[in-house]
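Here's the structure we're looking at; comments come further down.
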Amino acid sequence: MKKLICLLLCLLPFAAMAEEETALWDYPVPYSVLQNEDGYITLASTERLLDSDFIPDDLVKIKARKTSGTAIQMREKASAKLSEMFDAAKTDGITLYAHSGYRSYRTQKTMYSNRLASIGYDDGAVAYPGSSDHQTGLGVDVISKAWIGKRFNEKFAATKEAQWMAEHCDEYGFVIRYPEDKTEITGIMYEPWHLRYVGDEAAAYIMDAGLTLEEFTEEYEAYISAFEGDHDSALDGEDGLPDAQEVVTGISEDGDEEVTLFGGGN
Ligand SMILES: [Zn+2]
């Protein structure tokens, strides 16, 4: 009997700990996704500027339909998912056209300078160099045939193409990167044509919760830091374990001496 109790005492804290660990992560997006090893949720903004020499290493020429003969590059996965989304749209009678994908820091810098020179101030229409979603290789502007050659504006949102994208883009891992009524957060005007690949799980959550990438980033970073703070000591195998005495209460009411050997493991 003593041996059995001893065995239970040894095993119980670990079983309880495993249960506790899985129960505590209740953020809607998995931790593995938020570690951002593939860079799919990387935020580029005026507060999180990408390095001037940041160039994704898996850029490919997209195969999806384009507004012109000029090649468009995106990161490999984003390109594949874009094609998948275009095919699905086509099935629904919606024909989409990709207009612009990856842009280098240098290109963005030129565009920004030109915009500034032409209107004299930063109106949010062209992102500051290093802050462009296009530099990530995961952003893409998608329009309809009727909008080819036009200057983009928020009236595009009323088209059936824009409405289809708003409804379905997350099924392919994309989000509307610059939503309506969030321009103060993004610093960029409403762009119903600008999609950003973030992966399926993040996209589903971001679109469902109606967040910007800025809000999502702030939210999950805060969650992770609180979570890791709580679990800091669990990592060294000391604290974080349930108190052994609490775990065994009820098993050994007879006051078995061995209980005291295991009790209060902290
Ligand atoms: Zn864009």
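Taken together, the values in this text are just the output of simple stated rules run on the coordinates, not laboratory data. Note that the structure is a prediction, hence the values are computed from the model and not measured. In this analysis, Cβ positions are derived from the backbone assuming ideal geometry, glycine residues included, and neighbour counts consider all displayed protein chains.
Determine, for VAL140, VAL126, the number of other Cβ atoms within 10 Å of each Cβ, and report the residues in order from fewest to most.
Least to most surrounded, the residues fall as VAL126, VAL140.
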Distance (nanometres) between label positions extended 7 Å along Cα→Cβ at ASP181 and ASP53: 4.4
Estimated Rh, segment 85-143: Kirkwood, alpha-carbon pairs, angstrom: 12.9
Cα-centre dipole for segment 63-196 with unit charges at Cβ (Lys and Arg positive, Asp and Glu negative), debye to 20: 660
Sorted by Cβ neighbour density within 10 Å, fewest at the top, the residues TRP193, TRP25: TRP25, TRP193
19 Å Cα cut-off, lysine pairs counted over segment 36-225 (separation 8 or more, or different chains): 19
Burial ordering of TYR102, TYR31, fewest other beta-carbon atoms within 10 Å first: TYR31, TYR102
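In segment 39-97, which GluC sites (Glu not before Pro) fall in coil by DSSP and have 11 or fewer other Cβ atoms within 10 Å? Walk me through the numbers before you get to the answer.
Numbers: sites: GLU47, GLU76, GLU84; in loops: GLU47.
Filter output for segment 39-97: GLU47.
By the gyration tensor of its Cα atoms, with a ≥ b ≥ c the square roots of the eigenvalues, what is the shape of segment 36-225: rounded for a/c under 1.5, prolate for a/b over b/c, or oblate? Walk me through the numbers on the way to the answer.
Values: a/c = 1.28, a/b = 1.07, b/c = 1.19.
In terms of gyration-tensor shape, rounded.
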